[in-house]
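Down below is the structure, laid out as structure tokens.
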Amino acid sequence: MHITADRDLCAAAGQCASVAGDLFDQDDDGVVVLLTAEPSEAEEPAARRAARLCPAQAIRIIE
Amino acid sequence: MALASGDSVVIVGAGVAGLTAARALREEGFTGPISLIGDEVHPPYLRPPLSKQVLTGEWTADRAHLLDPVEFDGLGLEWRPGARAHSLDIANHTVAVGGTLLRYDSLIIATGVAARQLDGVPALPGVHTLRTIDDAVALRADLGTARRLVVVGNGVLGSEVASAARKLGLEVVLLGRTAALRLGQLGDRLAVPLEQLHRENGVEVRLKASVAGLVGTGRVEGVTLADRSVVGADVVVVAVGGVPSTGWLAGSGLELSDGVLCNAVGCAAPDVYAVGDVARWRSEAGSALPRAEHNLNAIEQSLAVAHLLARGEPSPAVVPFFWSELHGTRIQVYGRFGGESPLEVVAGDPAERRFVAVTCEGRRVTGAVGWNMPRDFRDARVLVDQSAELTREKVLL
């Protein structure tokens, strides 16, 4: 799996960092910071959940 | 309750709620036919940018679209753009769309809300509401040649339009019928800093100002207030809330009361579900909650219903969450703010224009608001999720 996070689309809601804090963080403005683009197999469900809950659809998962 | 492989799903409404439900059904492994009925001609799009980046011109309108055409095609939906549902027959499991009857095994109602109009005030060129992508494009074009905007409505949308218009350099007057500015489920709890934020950014806020009529022939030139004073305007935006789009469900037998009343998992009748702005879910204890007209509420309810249909399993209760950006200030609101319970600041300082505050029932945290402190707000969200008891240690001041 490969994750991308579009900082231009990001609405800084923080959903991703709330449900997958090992994969996503936020900068001081709340904008998404991708911690790793290549999650472990165990982290994949959290990555999918973060992408689905992103209110700006800024997170893409490439399986 | 779970769908069988040959079952068909009809989704009425092609906004974020309808599309999310369709997409989640596919992701959950459902391969049967899904019809997606949308009364607009555009593919599904996000509404939050319409009053922000699209209105300021930072984005072209098509950036608000939710999926690129390849992704959208890949879902294998029977998409019917520009189609309107007329009636629902629960006993026979059919929806009338145009001249045809569509049979469903499961129906998802996601028709959203329509912009409320001012009572007794006729339409006039230069007067806008903002709900659809076409509305946003038309308003953006009109603002491009305007000098002065009057916004009618003291809720979130009115505030966002005022903020966007200031960014474009217009003079802005924000009119509110009641005495305080409001922010979604927060009510008027942040009316004071919100009004201050608008004034510091050049918005003229006039409260307790009821609109009695419009001035102008051929094109709007201003609004008349109840005290007979006139506020001049080149453009007027009416942002006085939304009306659930349930007209087509009259006589269907569904319980309609400011939206489609559902149980705690979104079921309104056998094999009929409702999600998003149009849906009014009950709490697990059975009381009808207020509708939450928020993008994330639409997403989470749709994911929950798709999961229920595909797997037969309920999801945890959806907690209302919305955000706004006004004059560069990021405001985030999570949870419920019942009764008159006040806000208690747990981080930052309102005087410095950055803070996080929570509200409690008893001493249990039920809601959190962040004002330019997104990371600390995230910590406060956890307090809401845990219904944490607010103690001195939790106050991060």
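The values are calculated or read from the model by the stated rules, or taken from the named source; none is laboratory data. Just so we're clear, the structure is a prediction, and the values are computed from it rather than from any experiment. Cβ: placed from backbone, ideal geometry, glycine included. Neighbour counts: every protein chain shown.
Test of understanding: among B:325, B:293, B:284, which residue is under 26 Å from residue B:245 (Cα atoms), under 15 Å from the mean Cα position of the chain (by Cα) and either among the basic types (Lys, Arg) or at pLDDT below 95 (or both)?
B:293
For residue B:220, the criteria (1) crowded, with 16+ Cβ neighbours inside 10 Å; (2) free of Cβ contacts under 8 Å to residues at least 40 places away in the same chain hold in every case but one, which is (2).
Can you tell me which residues in segment B:295-325 are surrounded by fewer than 22 Cβ atoms within 10 Å (Cβ to Cβ), of a type outside the set (Asp, Glu) and touching a residue at least 60 places away in the same chain (Cβ under 8 Å)? Those that are surrounded by fewer than 22 Cβ atoms within 10 Å (Cβ to Cβ), of a type outside the set (Asp, Glu) and touching a residue at least 60 places away in the same chain (Cβ under 8 Å): B:307, B:308, B:310, B:311, B:312, B:319, B:320, B:324.
With the structure loaded, tell me whether residue A:50 is part of a loop (DSSP other than H, G, I, E, B) and under 11 Å from the mean Cα position of the chain (by Cα) or whether it fails that test. Considered against the rule, which asks whether it is part of a loop (DSSP other than H, G, I, E, B) and under 11 Å from the mean Cα position of the chain (by Cα), residue A:50 comes out as no. Listed by position, the strands (runs of 3 or more DSSP E) contained in segment B:5-124 that have at least 1 residues being more than 14 Å from chain A (Cβ to nearest Cβ) and in contact with a helix residue (DSSP H, G or I) (Cβ under 6 Å, 6 or more places away or on another chain) are B:9-12, B:34-37, B:85-89, B:106-109, B:113-115.
Any idea how many residues of segment B:296-319 are in a loop (DSSP other than H, G, I, E, B) and in contact with a strand residue (DSSP E or B) (Cβ under 7 Å, 6 or more places away or on another chain)? So the answer is 1. The condition of being basic (Lys, Arg), in contact (Cβ under 8 Å) with a residue 24 or more places away in the chain and over 24 Å from residue B:306 (Cβ atoms) holds for only one of B:116, B:84, B:80, B:103, that being B:116. Looking at residue A:46, is it aliphatic (A, V, I, L, M), within 22 Å of residue B:332 (Cα to Cα) and either more than 10 Å from chain B (Cβ to nearest Cβ) or out of contact with any Asp or Glu (no Cβ under 9 Å at 6 or more places or on another chain) (or both)? So residue A:46 fails the test.
How about segment B:205-280: which strands (runs of 3 or more DSSP E) wholly inside it have at least 2 residues that are in contact with a helix residue (DSSP H, G or I) (Cβ under 8 Å, 6 or more places away or on another chain) and within 19 Å of residue B:292 (Cα to Cα)?
Values: elements: B:211-215, B:222-225, B:230-232, B:235-238, B:242-244, B:260-262, B:267-269, B:272-274.
Here the list reads B:242-244.
Taken together, the residues in segment B:332-385 that are over 23 Å from residue B:300 (Cβ atoms), more than 11 Å from chain A (Cβ to nearest Cβ), in contact with a strand residue (DSSP E or B) (Cβ under 8 Å, 6 or more places away or on another chain) and not small (Gly, Ala, Ser) amount to 12.
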